[in-house]
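Have a look at the structure below, then the notes.
Every read-out reported here was derived from the displayed coordinates using simple, explicitly stated rules and does not represent laboratory data. From a predicted model like this one, the values you see are computed outputs, not experimental measurements. Neighbour counts are summed over all protein chains in view; Cβ atoms, including those assigned to glycine, are modelled from backbone coordinates with ideal geometry.
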Amino acid sequence: MSAKRQPELQPERQAEQQQADLIDGIAQDAAGQAKRILEEAEKAAADRRAAAEEQARALIEQGESKAEEQAERVRAQAASSLRMEHRRKQLRLQEQAVQEVLKRARERLAEMVGCPEYRQVLLVWIVEAAIGLGAPQATVNASAAERGQIDKGLLQDAQNKISELTGRKVSLAVTDEDPLIPQGIVLKAADGRV
């Protein structure tokens, strides 16, 4: 039986081996710890990177949302301004049309003074004014050209028409005051209302 015997290591060699084993163990532990620390650092960096990307996305979305809101406000203001400008133009055109119609009506009425048809215009104006005034007595004033057509017969026709329309009796007379400068009719009650 020949069993080889391993020579016993000398104590120095044994101490060196133990030291080497100890150093290898420490190195392996250090490498493991370094690996773990590196993995944790990489994970933390990845987490931070992901959080930063998420925050950047949120900021971009928020910025886009605010930009869209601002754009919508600008569009709404522009549309409102456009509508207002359009409305102003319409009102200007409408005002011009009204002024033109009034001018033509004044011209036409001025041309009608003295015509037999104008007597009917005066009658309607006197009746409307008397009903609006609501007084039992009133004086009638008009321009010099129109006063020539206002006679007792016209005033009687007006009183009859007022009575027919309202059921009230009204007494009308031509005023002693100076004639009006503009064309038209003015009725004045005894208490000064016109």
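Only Lys, Arg, Asp and Glu count, each charged at its Cβ (+1, +1, -1, -1), so figure out the dipole size of the range 44-194 about its Cα centre, rounded to 20 debye.
Values: 23 positive and 23 negative charges, 21 e Å.
Once rounded to the nearest 20, the dipole reads 100 debye.
Based on the alpha-carbon gyration tensor of the range 1-109, what equivalent-ellipsoid semi-axes (square roots of 5 times the eigenvalues) come out, in whole Å, largest first? Intermediate results must be reported in sequence, preceding the final value.
Working: eigenvalues 2059, 18, 4 Å².
Calculated on Cα positions only, the semi-axes equal 101, 9, 4 Å.
Quote the charge dipole size of the range 10-133 about the Cα centre in Debye, to the nearest 20; the model charges only the Cβ of Lys and Arg (+1) and of Asp and Glu (-1). Mind dumping the intermediate values first?
Details: 20 positive and 23 negative charges, 365 e Å.
Around 1760 debye, computed over the range 10-133.
Could you tell me the distance between the Cα centroids of the range 158-194 and the range 66-82, to the nearest Å?
58 Å
Using only the Cα atoms, what convex hull volume per residue in Å³ does the chain have? Kindly include the intermediate steps, with their values, before the conclusion.
Values: hull volume 68.5 nm³, N = 194.
Each residue corresponds to 353 Å³ of Cα convex hull volume.
Using Cα pairs closer than 8 Å and at least 6 residues apart in sequence, work out the relative contact order for the range 88-194, in percent.
Computed over the range 88-194, the figure is 33 percent.
Considering only the chain, what is the antiparallel percent among its DSSP beta bridges, to the nearest 5? All intermediate terms of the calculation are to be shown ahead of the outcome.
Working: 5 of 10 bridges.
Around 50 percent of the beta bridges assigned by DSSP in the chain are antiparallel ones.
What is the dipole size for the range 110-157, taken about its Cα centre, with +1 at each Lys and Arg Cβ and -1 at each Asp and Glu Cβ, in debye to the nearest 20? The partial results should precede the final answer.
Details: 3 positive and 6 negative charges, 33 e Å.
Magnitude of the dipole: close to 160 debye.
If contacts are Cα pairs under 8 angstrom and at least 6 residues apart, what is the relative contact order of the chain in percent?
Details: 119 pairs, mean separation 35.2, N = 194.
Contact order relative to length: 18 percent.
Most fluctuating residue of I37, I162, I181 in a GNM of the chain with Cα springs under 10 Å: which is it?
So, out of I37, I162, I181, the one fluctuating most is I37.
For the chain, what number of Lys pairs, 8 or more residues apart or on separate chains, have alpha-carbon atoms under 24 Å from each other? Kindly include the intermediate steps, with their values, before the conclusion.
Values: K35/K43; K89/K103; K152/K161; K152/K169; K152/K188; K161/K169; K161/K188; K169/K188.
Final tally of qualifying lysine pairs is 8.
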